[in-house]
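These notes concern the structure reproduced below.
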Amino acid sequence: MNKSKLLSLLIALWLIPTFAVAQDGVSIGHWRTHLPYQKVIGVEPIGNKIYAATEYELFYYDTEDNSINIVNKINGLSDIGISTIRYNESQRKLFVARLD
């Protein structure tokens, strides 16, 4: 085997695992977000859930099963942003708003 074929084979063997790992489990047609969670702008405890909002999405912690669930642009939240959240006790509704 000459040097150029051997070099090509080595490069191919080095690149194949790199491309295989790069997909990271997200299949075609599915989306994933990479948004910051460090700057929470509002927190509202409601029953067994604690809701928190960032500028870009809403997430809540369920105290019964210790899970964190995210509501964002991918699964139904508008993409205009969030500036406040408030829970209305009488209507039993969480209001998510963008106030400019």
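A few remarks follow.
- Modelled this way, with points 7 Å down the Cα-to-C-beta line, the labels at residue 83 and residue 98 are 1.1 nm from one another.
- Accessible heavy-atom area order of 9, 58, 99, highest first, probe of 1.4 Å: 99, 9, 58
- Each residue was assigned an accessible area with a 1.4 Å probe, and for residue 93 the value is about 110 Å².
- Measuring nothing but protein heavy atoms, the accessible surface of segment 40-100 at 1.4 Å probe radius is 48 percent carbon and sulfur.
The values are calculated or read from the model by the stated rules, or taken from the named source; none is laboratory data. Predicted model only: the values in this text are computed from it and were never measured. Cβ sites come from the backbone with ideal geometry, for glycine too, and all protein chains shown count toward neighbours. For accessibility, only protein heavy atoms count, side chains too; no ligands or nucleic acids. Shrake-Rupley method; radii C 1.70, N 1.55, O 1.52, S 1.80 Å.
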